[in-house]
Amino acid sequence: MATVRVMKKMYGVCSHAIRQTTVLKAARILQQREFSVNEALRQQQFNSSEEKPQFPGASAEFIDHLEFIQPNVISGIPVYRVMDRAGQIVNPSEDPQLSKETVVNFYQKMTLLNTMDRILYESQRQGRISFYMTNYGEEGTHIGSAAALDPNDLVFGQYREAGVLMFRGFPLDLFMAQCYANADDLGKGRQMPVHYGCKDLNFVTISSPLATQIPQAAGAAYAAKRENTNRAVICYFGEGAASEGDAHAGFNFSATLECPIIFFCRNNGYAISTPTNEQYRGDGIAARGPGYGMMSIRVDGNGVFAVYNATKEARRRAVAENQPFLIEAMTYRIGHHSTSDDSSAYRSVDEVNYWDKQDHPISRLRHYMTARSWWSEDDERSWRKKSRKTVMEAFEKAEKRSKPHPDLMFTDVYEEMTPNLVKQKEAMWRHLQQYKEHYPMDTFTK
């Protein structure tokens with residue numbers, strides 16, 4: 001036992017000596033390093049005027065006087081345009097040199113959208129559908145941007161992008177079916193009118209709450225980047241939606257995660273009844289891009305070629321460089337916000353007439369085509385008659401179709417209906433049987 005105690009004591013002494021030696025060596029190394037650093041600093045002449053900020057949160061220079069940054073540090077972000085109000089190309093080098101067939105297609109899609117708007121707006125006023133939102137005056141933003149995208153690109157719309165879907169090939173029959181919520185509606189009658197969606201055309205279904213599509217689009221763009229599919233995402237919204245917190249979240253996520261996305265803001269002057277001078281104090285929406293680290297541009301939204309050029313280049317670079325782009329298309333909402341709105345309460349008739357008669361995107365493009373002898377008065381009369389007939393045929397067909405089966409209200413969420421949904425469904429049918437004289441069940445699909 002004595003031998004064991006002696007060995008333990010010797011082990012303890014040795015361990016203590018090793019620890020002391022290690023500590024002394026570490027202390028000497030630190031002293032040497034400190035001396036080397038101090039010596040280097042003594043040898044280097046310090047000049048405070050050349051010192052650069054090392055803070056990780058921003059890139060900037062030091063200044064030695066108190067100065068607050070003014071809201072408008074520049075005169076205003078310029079508006080990129082290609083043709084003027086008379087349809088004349090301002091700078092020939094910016095002309096996209098599109099073929100006659102392509103330009104005529106642009107014009108026909110824009111006017112077809114306009115015709116569909118007029119007929120469906122009137123149908124709501126007659127009580128034949130419950131709600132509608134027109135696209136008057138913003139047709140150039142739809143067609144110009146849609147034409148610059150790849151068909152595989154994913155679209156997140158707000159509720160005034162029917163022209164984008166139309167350009168992608170969504171038929172009039174399905175536009176009408178959605179507004180009438182009939183049995184042909186892809187959404188099975190479960191959405192408000194104008195809340196379109198089409199999986200086959202990569203157009204995500206419209207959601208009523210404002211700006212929810214912005215962070216959703218950012219997530220979809222990040223997924224596209226991870227999959228390396230050479231695919232871009234475009235997200236449409238208005239200047240009013242840009243005031244929502246969702247816009248901040250979407251912008252910031254897209255920039256920090258370096259997502260291939262185009263944020264396309266339709267600045268049409270009014271967020272329902274709120275004019276832009278009450279909506280924000282800065283220089284519009286494009287001015288916000290640099291603050292998030294995004295490439296930004298402001299374009300003439302009433303000129304379809306400016307929208308086309310900007311979107312095409314943004315799309316190319318977004319995919320090639322994996323970075324977000326912000327496009328602010330300056331335009332004007334000629335129609336009421338919706339059929340629930342009377343815009344005469346907050347803007348003058350003269351103001352609306354100016355944009356309708358003097359600076360309409362459809363008129364501009366027609367001037368351009370007429371100057372090149374691509375479109376005549378006869379072409380105009382023939383096309384207007386044909387397009388109206390086509391819209392009316394789809395309209396009449398949709399009105400005659402039956403409504404979706406009531407059971408569809410409970411499908412497409414769960415693989416199997418939950419107990420509470422089963423109870424709700426049973427309660428619905430009991431109610432319909434009890435008060436069947438109040439429900440025209442013969443108009444529903446059997």
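The values are calculated or read from the model by the stated rules, or taken from the named source; none is laboratory data. Just so you know, these numbers come straight off a predicted model, no measurement behind them. Please note: Cβ atoms are built from the backbone with ideal geometry, for glycine as well, and neighbour counts cover all protein chains shown. Accessible surface areas use protein heavy atoms only, side chains included; no ligands, DNA or RNA. Shrake-Rupley method; radii C 1.70, N 1.55, O 1.52, S 1.80 Å.
Worth a mention:
- Out of Arg366, Arg317, sole residue that is out of contact with any strand residue (DSSP E or B) (no Cβ under 8 Å at 6 or more places or on another chain), open to solvent by 10 Å² or more (accessible area, probe 1.4 Å) and either outside any helix (DSSP H, G or I) or not hydrophobic (A, V, I, L, M, F, W, C) (or both): Arg366
- The one condition in (1) in a helix (DSSP H, G or I); (2) touching a residue at least 24 places away in the same chain (Cβ under 8 Å); (3) touching a helix residue (DSSP H, G or I) at 6+ places or on another chain (Cβ under 9 Å) that Arg118 fails to fulfil: (2)
- Test: Phe203 is open to solvent by less than 40 Å² (accessible area, probe 1.4 Å) and aromatic (Phe, Trp, Tyr): yes
- Selection count where residues are over 21 Å from Asp359 (Cα atoms), in a loop (DSSP other than H, G, I, E, B) and open to solvent by 100 Å² or more (accessible area, probe 1.4 Å), scope region 71-101: 5
- Restricting attention to region 276-315, the residues that are under 17 Å from the mean Cα position of the chain (by Cα) and on the phi < 0 side of the Ramachandran plot total 21.
- Checked against the criterion of being assigned to a helix (DSSP H, G or I), in contact with a Ser or Thr (Cβ under 9 Å, 6 or more places away or on another chain) and more than 14 Å from Phe175 (Cα to Cα), the candidates Ala224, Ala217 yield just one match: Ala217.
- Unique residue being in contact (Cβ under 8 Å) with a residue 12 or more places away in the chain, in contact with an Asp or Glu (Cβ under 6 Å, 6 or more places away or on another chain) and not β-branched (Val, Ile, Thr) when the list is Arg281, Arg315, Arg298: Arg298
- Some residue of region 424-442 being in contact with a Leu (Cβ under 8 Å, 6 or more places away or on another chain), open to solvent by less than 90 Å² (accessible area, probe 1.4 Å), farther than 27 Å from Gly303 by Cβ and part of a loop (DSSP other than H, G, I, E, B): yes
- Lone unmet requirement of (1) crowded, with 18+ Cβ neighbours inside 10 Å; (2) closer than 29 Å to Val299 by Cα; (3) among the hydroxyl-bearing types (Ser, Thr, Tyr) for Ser59: (1)
- Among residues of region 146-172 being part of a helix (DSSP H, G or I) and either modelled with pLDDT under 95 or hydrophobic (A, V, I, L, M, F, W, C) (or both), the one that is most open to solvent (accessible area, probe 1.4 Å) is Phe167.
- Residue that is farthest from Asp442 (Cα to Cα), among those in region 397-411 that are open to solvent by less than 90 Å² (accessible area, probe 1.4 Å) and part of a helix (DSSP H, G or I): Phe410
- Matching residues, region 243-266, being closer than 26 Å to Pro151 by Cα and either outside any strand (DSSP E or B) or β-branched (Val, Ile, Thr) (or both): Ala247, Gly250, Phe251, Phe253, Ser254, Ala255, Leu257, Glu258, Cys259, Pro260, Ile261, Ile262
- Those residues of region 218-272 which are farther than 27 Å from His337 by Cβ and of a type in the set (Lys, Arg), in sequence order: Lys225, Arg226, Arg231
- Residue in region 244-260 that is open to solvent by 40 Å² or more (accessible area, probe 1.4 Å) and among the small types (Gly, Ala, Ser) present: yes
So that you can scan it fast, the table gives a plain yes or no per residue for (1) in a helix (DSSP H, G or I); (2) aromatic (Phe, Trp, Tyr); (3) exposed (fewer than 11 other Cβ atoms within 10 Å of the Cβ); (4) touching a residue at least 24 places away in the same chain (Cβ under 8 Å):
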| site | (1), (2), (3), (4) |
| --- | --- |
| Gly335 | no, no, no, yes |
| Ser344 | yes, no, yes, no |
| Asn353 | yes, no, no, no |
| Asp359 | no, no, no, yes |
| Asp379 | yes, no, no, no |
| Arg384 | yes, no, no, yes |
| Arg388 | yes, no, no, yes |
| Val391 | yes, no, no, yes |
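- Top-ranked residue of region 270-304 - restricted to ones that are in a loop (DSSP other than H, G, I, E, B) and of a type in the set (A, V, I, L, M, F, W, C), ranked as most open to solvent (accessible area, probe 1.4 Å): Ile272
- Within the span defined as region 133-145, one or more residues are closer than 20 Å to Ala306 by Cα and either hydrophobic (A, V, I, L, M, F, W, C) or loosely packed, with under 15 Cβ neighbours inside 10 Å (or both).
- Of the set (1) within 27 Å of Ser123 (Cα to Cα); (2) touching a strand residue (DSSP E or B) at 6+ places or on another chain (Cβ under 6 Å); (3) touching a residue at least 60 places away in the same chain (Cβ under 8 Å), all apply to Ser254 but (1).
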